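To start, the structure itself, in structure tokens.
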């Protein structure tokens, strides 16, 4: 069996899409043109074959050699009613081939619909290879639920011609249901309403034990988003004619502009209640004056214009329900597929008919390809056998100065992972620090769960903030947390191992998260107050030190005033009912009042001809890169 | 000794089997690890490519949104022959050019599928009318010129 990724391909009538499982979730692969869809169009120009967007761009000038909607002929006999009906809508030639099968004739050459589809599949394969950076040899391809065995065989052959081993042919509605994970919901009956660019399909599925059964299908092979566009274009043309007496349908340039703006307006009306169609200088009047097209199109008007299409689509739905011998109330899940189902009116009508909200989270243009990729993942073992990388359900951190929790590994981080941060001491000559390992989402240490604590001692006595203590959190793939603290000066290290740091019941996790949300504002205020206190203490400490070193350079009066302020700030920071604002204001004022001290310090420094290396380092101790920036650690009183 | 030998053989056999199983498991694990690493490296590469594209195409949406008013302004100049408006148009174009927008010359050129899209009414191979102009942004085609061929 070949190895490598298996891709999922939605081989559509109008557009195709490719997706693949990546890191456990489906991803739609962009084409080399940078789009997520490949127009299912193949053009022949001499020896050259164009596929997708380039083929579409030259379609009108090369209509007899440009093949589109070939899916309508896949695995069908030329004399089939469906083939005869479809032939009326195409510009290239369809003829009767071997065994009476429908074939495509281009410039005297004969192609089977399989060969044409193979070109689209080959492009899908090439785009996937360029995206993944590896060979792709296997695929899951989707087909409409109503495809018979011959049509499925033809699709499989198309894959083979494109150099793909078709691992499985999956029904489009089944793929859509897979994309919404409906296979995991136990037994249920699902309706899939699929209104794409050119076809409408309704499928009723039943799922039990992961097996999908198609109960019935119906649809309209010639109804799609393009019909909706045409209604808007006709309306714009008639309104313009009413106002200016000029028929723009004969002007190809004006027609193109109207066509583009009609499609844009239709899309905008899926999110807005009304939109402007503005095309200034669209034509010139009989008097040579410029004519401008300007009109407002409301959502209500659009709904009125296409009302019969929407209502009409429920006729096949009713038939499908009747064939499945079901009532709308028997349907448990409804899925919307196809770009046109973005229209709010369609969503509302579907909801009204089935009496339940349809699934619509996945991009309706890509949902089939996504489902195909999921099926491909199951076959390739990517889905069932996937190494399920766990995540840490709650934030892991440690307690720092003032009982604040400092997070190291945020929740939902994929494990295994590790993170280091440098901390420092909070008091002068502090020789040990306590590491309290915390789990939880609350801002204050005490509100979180303590997983364990240990002490790193033997730190050489030094000024507060000087020692560098590197704390490392490391979680292995089994959720075992190793926490180590290392004094970078002495290389002395202490560590603790915590088993099952991720092993919490879902209820516990939810409770902790809910608690954090409930107390978020409270916690934030508490934390800010502690930070303001820490800051005030820092200011007091710094100024006391400076007063000690340079106080003699000041007037006695100035010195007294500064000392007074420092004392007041120190007292304020000790008060239990102090607010963050009061503290911040006092610290600011104290610093401002101590400007003279700063000046004296500067003068003293300048007076020294050349500072010694050690002194220079001391002056710079508050700078340095962010990486090595020391945070003050929890104080342990000796 | 001889009595013990069958038991020893059995034990060796079972150990050999165990080794084989472990070897197989090891190979599988190694394969999985390589695959995960490859996936990761591919992801890193793609991330870099996408970031580069993102930087180059950061103005893409804005440029695309400006193309329609630009076209309308050109039409206004064509129809009104107003010199002042023509100056505004020139200034507008120069500004867009400085951000990497470049008009694709197509008039009287043979059809090129890479830069053009044929509009209904086309018969022939040479561009005789431009319905809307084509543009490149930093070398990449962001709007194909819609043309009628004759």
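The values are calculated or read from the model by the stated rules, or taken from the named source; none is laboratory data. All of these numbers come straight from a predicted model, not from anything done at the bench. Here Cβ is always computed from backbone atoms with ideal geometry, including for glycine, and neighbour counts include all displayed protein chains.
A quick yes/no check of all residues on (1) at pLDDT below 95; (2) under 36 Å from the mean Cα position of the chain (by Cα):
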site	(1), (2)
A:58	yes, yes
A:67	no, yes
A:76	yes, no
A:82	yes, no
A:85	yes, no
A:91	yes, no
A:97	yes, no
A:109	yes, no
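Could you say whether any residue in region A:176-186 is surrounded by fewer than 20 Cβ atoms within 10 Å (Cβ to Cβ) and closer than 20 Å to residue A:38 by Cα? No, region A:176-186 has no match at all. Considering (1) more than 9 Å from chain A (Cβ to nearest Cβ); (2) under 20 Å from the mean Cα position of the chain (by Cα), the lone condition that residue B:117 does not fulfil carries the number (1). State all residues of region A:321-338 that are surrounded by fewer than 21 Cβ atoms within 10 Å (Cβ to Cβ) and assigned to a helix (DSSP H, G or I); if no residue qualifies, say none. Scanning region A:321-338 gives A:322, A:323, A:328, A:329, A:330.
Scan region A:132-145 residue by residue and report those that are within 14 Å of chain B (Cβ to nearest Cβ) and either surrounded by fewer than 21 Cβ atoms within 10 Å (Cβ to Cβ) or farther than 22 Å from residue A:50 by Cα (or both).
Of all residues in region A:132-145, those within 14 Å of chain B (Cβ to nearest Cβ) come to A:132-136.
If the condition is that a residue be within 14 Å of chain B (Cβ to nearest Cβ) and either surrounded by fewer than 21 Cβ atoms within 10 Å (Cβ to Cβ) or farther than 22 Å from residue A:50 by Cα (or both), then A:132, A:133, A:134, A:135 are the ones that fit.
Quick one: which residue in A:46, A:24, A:52 is within 12 Å of chain B (Cβ to nearest Cβ) and out of contact with any strand residue (DSSP E or B) (no Cβ under 6 Å at 6 or more places or on another chain)? Full working, then the answer.
Details: A:46 fails: within 12 Å of chain B (Cβ to nearest Cβ); A:52 fails: out of contact with any strand residue (DSSP E or B) (no Cβ under 6 Å at 6 or more places or on another chain).
None of the other options fit; the residue is A:24.
Checked against the criterion of being within 24 Å of residue A:545 (Cβ to Cβ) and surrounded by 19 or more Cβ atoms within 10 Å (Cβ to Cβ), region A:391-400 has at least one qualifying residue. The criterion of at least 3 residues that are at pLDDT 85 or above is met by the following helices (runs of 4 or more DSSP H) wholly inside region A:506-617: A:520-550, A:556-574, A:580-593. The set of residues in region A:578-602 that are surrounded by fewer than 16 Cβ atoms within 10 Å (Cβ to Cβ), within 44 Å of the chain's Cα centre (by Cα) and in contact (Cβ under 8 Å) with a residue 12 or more places away in the chain comprises A:579, A:584.
The set of residues from region A:293-320 being surrounded by 17 or more Cβ atoms within 10 Å (Cβ to Cβ) and either within 14 Å of another protein chain (Cβ to nearest Cβ) or touching a strand residue (DSSP E or B) at 6+ places or on another chain (Cβ under 7 Å) (or both) comprises A:293, A:295, A:297, A:299, A:313, A:316, A:317, A:320. Tell me, please, whether a residue that is within 30 Å of residue A:309 (Cα to Cα) and touching a residue at least 24 places away in the same chain (Cβ under 8 Å) can be found in region A:121-136. Checked region A:121-136: no residue is within 30 Å of residue A:309 (Cα to Cα) and touching a residue at least 24 places away in the same chain (Cβ under 8 Å).
One line per residue, one yes/no per condition, for (1) within 19 Å of residue A:34 (Cα to Cα); (2) without any contact (Cβ under 8 Å) to a residue 40 or more places away in the chain; (3) within 11 Å of another protein chain (Cβ to nearest Cβ):
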site: B:66; (1), (2), (3): no, yes, no
site: B:84; (1), (2), (3): no, yes, no
site: B:93; (1), (2), (3): no, yes, no
site: B:104; (1), (2), (3): no, no, no
site: B:125; (1), (2), (3): no, yes, yes
site: B:134; (1), (2), (3): yes, yes, yes
site: B:145; (1), (2), (3): yes, no, yes
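Is one or more of the residues making up region B:32-55 on the phi < 0 side of the Ramachandran plot, more than 11 Å from chain A (Cβ to nearest Cβ) and touching a residue at least 12 places away in the same chain (Cβ under 8 Å)? Checking region B:32-55: not a single residue is on the phi < 0 side of the Ramachandran plot, more than 11 Å from chain A (Cβ to nearest Cβ) and touching a residue at least 12 places away in the same chain (Cβ under 8 Å).
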